[in-house]
Amino acid sequence: MEWIKKFLDKQKENDLLRALNTASHRQGGKIHINGKEYFDFSSNDYLGLSSHPKIIAAARHATEKYGNSASASRLLSGNLEINHVLEAKVAALKGKESALIFNSGYQANSGIFKSLFSKEDAIFSDRHNHASIIDGILLSGAQLFRFHHNDMGHLKMLLKKYRHKYRRALVVTETIFSMDGDRPPLSEIVELKNKFNCQLIVDEAHATGIFGKNGAGVAEDEGLTHEIDIIMGTFGKALGSFGAYVAASKTITDYLINTCRSFIYSTALPPAIIAANIASLELLKEEPHRRKKLCEKSRLFHKYLESISLKTKGNSQIIPLIVGESKKAVALSQQLEAAGFFVLPIRPPTVPQGQARLRFSLTFDHSEEIIEKLIKEVLQSCLI
Ligand SMILES: Cc1ncc(COP(=O)(O)O)c(C=O)c1O
């Protein structure tokens with residue numbers, strides 16, 4: 001076990017040692033850690049739905065009706081009727097024929113690539129795609145080509161050079177990058193995937209609930225839903241719940257039911273979660289003001305950053321402030337914490353070396369006054 005100790009010491013030396021922060025309370029844009037309350041800029045509860053009374057009531061009712069556990073995987077006896085209600089709602093929102101629920105985004109991504117692709121195939125993946133996508137691709141055994149982040153010239157070059165050597169090919173991208181907050185040039189990706197006869201999978205984990213007329217995500221926002229073969233996303237971020245889904249043709253979801261190991265070999269989600277997810281999708285329709293307000297606040301956040309001469313990427317609710325070295329990101333996070341703001345440092349390997357950053361995660365619950373104070377008073381004084 002000496003090597004483990006050495007590894008941990010080295011991580012510490014490089015400001016890369018992770019430890020668990022324990023929260024005693026989290027709601028309404030605030031978090032309590034070690035008895036202290038902070039404004040919480042570290043949560044993916046973008047629409048503030050996780051404590052919505054309708055979601056809580058739905059979860060409570062489902063637990064009373066069905067019990068706490070699904071008690072089996074879906075292919076055995078864990079397939080409660082409410083799974084199908086949820087899947088029909090996801091398919092309708094996403095504009096696809098069918099949908100399939102997964103227990104988490106990690107499980108969806110770690111399973112679907114292996115089901116659909118193997119060593120005769122090639123997968124072209126944005127360099128900044130989430131770890132669950134990379135792990136899924138590696139499990140599939142397909143040849144992985146990573147194109148520079150959002151660089152269509154590089155993707156085209158790789159497709160030109162390698163596509164013809166493989167049987168099937170796939171392009172995969174997030175639609176709002178989790179650590180960068182920016183979008184890919186989706187219509188150019190669609191053009192390339194058609195030109196080079198590839199499939200396209202998009203991960204809408206950080207876009208679902210926020211973008212598009214109905215909150216379906218960036219694919220809806222850009223009118224490209226029909227060009228995308230598989231849209232995956234999660235319930236654990238803007239939808240304020242837990243779990244994930246794949247939306248696609250019925251042929252694809254039927255195939256996944258038969259072959260996707262991360263779907264097959266796992267106990268189905270608890271009834272409370274399924275019911276909460278249904279309620280959450282209903283809230284997208286009933287309370288569209290949440291995504292509208294969030295987008296207004298994101299624009300304000302970016303504007304305030306510009307006003308103190310800070311440049312950042314994208315224009316979404318995820319706002320990275322790239323500072324370079326891990327040490328600097330950790331120190332800045334600690335300064336903000338001392339001023340009452342909880343903002344996490346993101347370090348390698350989650351982001352590339354030399355691109356450590358603070359990741360500000362905006363939610364519906366942050367008031368304009370708090371955003372202004374954070375940027376114009378606290379952040380500005382920390383950076384002087
Ligand atoms: C882009 C992206 N995809 C997938 C996941 C995994 O989702 P989950 O948290 O439901 O496992 C995440 C979550 O961190 C993510 O950011």
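The values are calculated or read from the model by the stated rules, or taken from the named source; none is laboratory data. For clarity, every value in this text was computed on a predicted model and none was experimentally measured. A quick note on method: Cβ atoms are made from the backbone with ideal geometry, for glycine too, and the neighbour counts reach across all protein chains shown. Surface accessibility is based on the protein's heavy atoms, side chains included, excluding ligands, DNA and RNA. Shrake-Rupley method; radii C 1.70, N 1.55, O 1.52, S 1.80 Å.
Can you tell me which residues in the range 265-282 are crowded, with 19+ Cβ neighbours inside 10 Å and either on the phi > 0 side of the Ramachandran plot or among the polar types (S, T, N, Q) (or both)?
Asn277, Ser280
I'd like the full set of residues that are more than 12 Å from the ligand (Cβ to nearest atom) and part of a helix (DSSP H, G or I), limited to the range 112-134.
Passing the criteria: Phe113, Lys114, Ser115, Leu116.
Quick one: count up the residues across the range 322-336 that are open to solvent by less than 10 Å² (accessible area, probe 1.4 Å) and in contact with a Lys or Arg (Cβ under 8 Å, 6 or more places away or on another chain).
1
Select from the range 50-90 the residues that are of a type in the set (A, V, I, L, M) and under 23 Å from Gln107 (Cα atoms) and list them in ascending order.
Those that are of a type in the set (A, V, I, L, M) and under 23 Å from Gln107 (Cα atoms): Ala59, Ala70, Ala72, Leu75, Leu76, Leu80, Ile82, Val85, Leu86, Ala88, Val90.
Being under 23 Å from the mean Cα position of the chain (by Cα) and touching a residue at least 40 places away in the same chain (Cβ under 8 Å) is the filter here, so list the residues in the range 354-370 that pass it.
Arg357, Arg359, Phe360, Ser361, Leu362, Thr363, Phe364, Asp365, His366
Restricting to the range 232-264, name every residue that is open to solvent by 10 Å² or more (accessible area, probe 1.4 Å) and of a type in the set (Val, Ile, Thr).
Those that are open to solvent by 10 Å² or more (accessible area, probe 1.4 Å) and of a type in the set (Val, Ile, Thr): Thr234, Thr251, Ile252, Ile257, Thr259, Ile264.
Would you pick out the residues in the range 94-114 that are open to solvent by less than 10 Å² (accessible area, probe 1.4 Å) and among the aromatic types (Phe, Trp, Tyr)?
Selection gives Phe102, Phe113.
Restricting to the range 53-85, give me the number of residues that are over 16 Å from Gly243 (Cβ atoms) and open to solvent by less than 20 Å² (accessible area, probe 1.4 Å).
Final tally of qualifying residues: 1.
Might you let me know whether the range 283-298 holds any residue that is surrounded by fewer than 18 Cβ atoms within 10 Å (Cβ to Cβ) and within 16 Å of the ligand (Cβ to nearest atom)?
The answer is no, given that none of the residues of the range 283-298 is surrounded by fewer than 18 Cβ atoms within 10 Å (Cβ to Cβ) and within 16 Å of the ligand (Cβ to nearest atom).
Please work out if Glu120 is in the same structural domain as Asn103 (by TED's automatic domain parsing), touching a helix residue (DSSP H, G or I) at 6+ places or on another chain (Cβ under 6 Å) and open to solvent by 40 Å² or more (accessible area, probe 1.4 Å).
Spelling it out, it is not the case that Glu120 is in the same structural domain as Asn103 (by TED's automatic domain parsing), touching a helix residue (DSSP H, G or I) at 6+ places or on another chain (Cβ under 6 Å) and open to solvent by 40 Å² or more (accessible area, probe 1.4 Å).
Just need a number here: residues in the range 354-384 that are part of a strand (DSSP E or B) and polar (S, T, N, Q).
Residues in the range 354-384 being part of a strand (DSSP E or B) and polar (S, T, N, Q): 1 in total.
Tell me, please, whether a residue that is within 30 Å of Val218 (Cα to Cα), modelled with pLDDT of 95 or more, in contact with a strand residue (DSSP E or B) (Cβ under 6 Å, 6 or more places away or on another chain) and surrounded by fewer than 22 Cβ atoms within 10 Å (Cβ to Cβ) can be found in the range 368-383.
Yes; the residues of the range 368-383 include at least one that is within 30 Å of Val218 (Cα to Cα), modelled with pLDDT of 95 or more, in contact with a strand residue (DSSP E or B) (Cβ under 6 Å, 6 or more places away or on another chain) and surrounded by fewer than 22 Cβ atoms within 10 Å (Cβ to Cβ).
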